1. Identify unpaired cysteines across the chain, taking unpaired to mean no other cysteine Cβ lies under 4.7 Å from the residue's Cβ.
2. If you stretched the chain out fully between Asp335 and Leu406, how much longer would it get, using 0.36 nm times the residue separation minus the C-alpha to C-alpha distance?
3. Between Met8 and Glu91, what is 0.36 nm times their sequence separation minus the Cα-Cα distance? Round to one decimal in nm.
4. For segment 12-126, what does the alpha-carbon gyration tensor say about shape, rounded, prolate or oblate, given a ≥ b ≥ c as the root eigenvalues, a/c under 1.5 as rounded, and a/b over b/c as prolate?
5. Met1 to Val322: FRET efficiency via 1/(1 + (r/R0)^6), r the Cβ-Cβ distance, R0 41 Å, to the nearest 0.05?
6. Label segment 264-397 by shape, choosing from rounded, prolate and oblate, from the square roots a ≥ b ≥ c of the eigenvalues of the Cα gyration tensor; if a/c is under 1.5 it is rounded, and otherwise prolate applies when a/b is larger than b/c, oblate when it is not.
7. Only four residue types carry charge here, +1 at the Cβ of Lys and Arg and -1 at the Cβ of Asp and Glu. Report the dipole size of segment 257-396 about the Cα centre in Debye, rounded to the nearest 20.
8. Helix 14-32 against the longest principal axis of the chain: what's the angle in degrees, Cα atoms only, rounded to the nearest 10?
Amino acid sequence: MIQALRGMNDIMDDEAKLYKKIIDVCEDTAKKYGYEYIEIPKLEETALFKRSVGESSDIVGKEMYQFTDKSGNDVCLRPEGTAGVVRAFIEHKMDRAGGVKKYFYHGSMFRYERPQKGRLREFHQFGIECFSEGSVYEDASVILMLSEILKKLDIEATLKINSLGDGDCMPKYREKLLKFLKENENELCSDCKRRISTNPIRVLDCKVEHCQKILQNAPLITENLNEICAGEFSKLQEILTANGVTFEVDPKLVRGLDYYTKTAFEFVSGEIGSQSAVGGGGRYDNLVAFLGGRPTFGVGFALGIERFMEILSSKESKQKRVGIYICALDKKYIDKIFKIGIDLRRNFKVEISYEAKNLQKHLKNADNKNAEIFLCMGENEAKNDELFMKNLIAKTNKNIKIAEILKEIR
Ligand code: HAM
């Protein structure tokens, strides 16, 4: 049997409906903010991502689906959307046309990461990019848009913001940080040591506890911003607060892509596992010129559709869970559980399993049937006039007396 590649999922049935719902909400919101649809190729020249996302980033250094095509071109599947939209913007001479341009897009991105919950090799983003608008009000606007999308979909997430400075204050800060890192190099993990020479700012992002302890004393970018960047960062905070968006300033938020200047932000959810960033973005005022265009302001974000889907589907399945699934581990108890099930049907929706199966199989069936309460009789339970009860929403379980079943379920 040929199967889908590791880390690449089919999106079908209920998931496909959820995917469509998320896109619809995103598109509708982006259009209200004046953004227009853009579709760009999924395969680009590798050099585009090397120059924008950065050669020292993990995305380019370790995670690209890169190959030589039949004409000998060095190409790769896009790991993100910003670089391609910027390329299209320059290629179609929008940088010379003048005026603000705002685009939204959605589709597959590819990163050869180690797959785990919330981390795929082919995943989908909805993203927006705004060109030629240097005002910090647009930074606030894109954050407000993502916040609005989250609210419309009833997803709770914490907003973290930072400023990465500009071409004047960032290099000075980098030197300060580098000095600190070199002084503490021996104490840092091997990944940090490597990053000291490739991309020192990324050291701040290290998740190793021991490194984080040392980095507590590192100089912070927020204390090293020049007057313009500090002024814009505090204006951004003022606008967000005035518009009801709560946030945390995280001076160690550096993001995994090298093109950011000034504003950087991320929305993090406590409702999914360790891959908790549901969306992020920031300003990239040097990127258009860096890729060969006329100097042009840029700001945008992208959100991870699968991470949104995970949060929404676990909520929906919790909401959908209703009724009881009752079963037995041995066929000699089927008559007993059948009688109990019939009695319970006076008050509840009850699925009775007529077949004896092992616990795991029954639990899986109960899950598929979206039951809220799982009841099961095995040898011990039968001996003690009890049932094993599991609440499939709260994930708690205990043995209950059959005589007290109604009281326990209520
Ligand atoms: P990013 O933070 O790399 O930013 O990705 C945006 C979102 O994509 C993440 O917050 C996460 O939800 C999702 N994501 C990333 N990697 C994976 C993965 N392996 N599996 C599942 N979901 C994933 C960017 O890509 C920038 N282009 C955003 C941007 C636009 N900045 C300015 N404009």
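1. So far as the 4.7 Å Cβ criterion goes, Cys26, Cys76, Cys130, Cys169, Cys189, Cys192, Cys229, Cys327, Cys376 stand without a partner in the chain.
2. 23.6 nm
3. Extra length available between Met8 and Glu91 comes to 26.8 nm.
4. Details: a/c = 2.08, a/b = 1.08, b/c = 1.92.
Oblate shape, in that a/c is at least 1.5 and b/c is the bigger or equal ratio.
5. Using R0 = 41 Å, I get an efficiency of 0.70.
6. It is prolate, given that a/c is not under 1.5 and a/b is the larger ratio.
7. Approximately 340 debye in magnitude.
8. Tilt relative to the chain: about 40 degrees.
Any read-out appearing in this document is the output of simple, stated calculations on the displayed coordinates, not a laboratory observation. Please read these numbers as outputs of a predicted model, since none were measured by experiment. Cβ sites come from the backbone with ideal geometry, for glycine too, and all protein chains shown count toward neighbours.
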